[in-house]
């Protein structure tokens, strides 16, 4: 019988966001201590962490990762053994309309955090230096677009096509550079599209669900032929913890769901689940609300992840099937209007972004 994994102190940046909040819940559930650093921008939602607020092993710090003094203080005060760096501006359409905020947070912020981590790591005791890991969480969008065949691997050349993906590519390179130059034990992960609870309603799946519930047109870019590999956020969180615990510094690990869908097929699948779980009052199918709209500039055709390295070296496999995951996600939004309704009542109302020339 293997020994239980020791409890560690995890510093999670962006822990009030979609993936971050799910990761905080997961780490606390399996017995770790969590320090959540989040600036609380428009997509940061402390309501996603309401169940964690009174947990004895949870601490929240509202701070900007680009603030050098604040980041040094966080490391000095909490002395983490793991850094899970998820804080980022992440919406492609927003990056088209306002690219400089993506550069500030994703590029400058990552460099500031790396430097703070390096100073802490160099100045701490040998025992902490030995177990310390900096996991930089990134996206498959840095690789650009695939054709009809093939998959992104850990050695696929970078070819970003949007301000968002370019900023994430830059941050990936910075993380690897701090590892190669200074010896900081950095691990980079690149994941496919996530879905599940607590996703801010600007991404495809929550937009479809909430537009459908509101009786509004469901927008599909172009002809809906763009293909994405969908990964349930719970599977992603398990992968990140496994990588932080057993991954090798200096390595990159791709995390994918092996779950490719054309956008139009996914939208119809979500509508099918809505027809079953929340039928329209007039009896019409929710798919009748689908409306094709002008495509996003630079919209990559297909992403697909080869996660064989993660399976082979660390034994990770996704647990959620597409049918179970999509239906459970629809049900979660149906069950939690108290989480999403205040968002829609505020400054963000599912408006179309990313049309800047």
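For the reader, a short list of remarks on this structure follows.
- Among (1) over 19 Å from the mean Cα position of the chain (by Cα); (2) within 23 Å of residue 108 (Cα to Cα); (3) at pLDDT below 95 - the single one residue 42 does not satisfy: (1)
- Note on the range 286-312: among residues that are more than 23 Å from the chain's Cα centre (by Cα) and closer than 23 Å to residue 196 by Cα, the one that is surrounded by the fewest Cβ atoms within 10 Å (Cβ to Cβ) is 287.
- Helices (runs of 4 or more DSSP H) fully within the range 299-357 counting 1 or more residues that are more than 25 Å from residue 94 (Cα to Cα) and modelled with pLDDT of 95 or more: 308-314, 322-335
- Residue 95, sole failed condition from (1) touching a helix residue (DSSP H, G or I) at 6+ places or on another chain (Cβ under 7 Å); (2) at pLDDT 95 or above: (2)
- Residues within the range 242-264 that are assigned to a helix (DSSP H, G or I) and either free of Cβ contacts under 8 Å to residues at least 12 places away in the same chain or within 18 Å of the chain's Cα centre (by Cα) (or both), tallied: 3
- Scanning the range 208-227 for residues that are under 17 Å from residue 260 (Cα atoms), out of contact with any helix residue (DSSP H, G or I) (no Cβ under 6 Å at 6 or more places or on another chain) and assigned to a loop (DSSP other than H, G, I, E, B) gives 223, 225.
- Residue 267 meets the stated requirement of being in contact with a strand residue (DSSP E or B) (Cβ under 9 Å, 6 or more places away or on another chain), crowded, with 22+ Cβ neighbours inside 10 Å and touching a residue at least 12 places away in the same chain (Cβ under 8 Å).
- Looking across the range 161-194 at every residue that is in a loop (DSSP other than H, G, I, E, B) and farther than 21 Å from residue 17 by Cβ, the one that is farthest from the chain's Cα centre (by Cα) is identified as 183.
- Residue 142 being crowded, with 20+ Cβ neighbours inside 10 Å, modelled with pLDDT of 95 or more and assigned to a strand (DSSP E or B): no
The values are calculated or read from the model by the stated rules, or taken from the named source; none is laboratory data. What you see is a predicted model; the values in this text were computed from it and never measured. Positions of Cβ are backbone-derived with ideal geometry, glycine not excepted, and every protein chain shown enters the neighbour counts.
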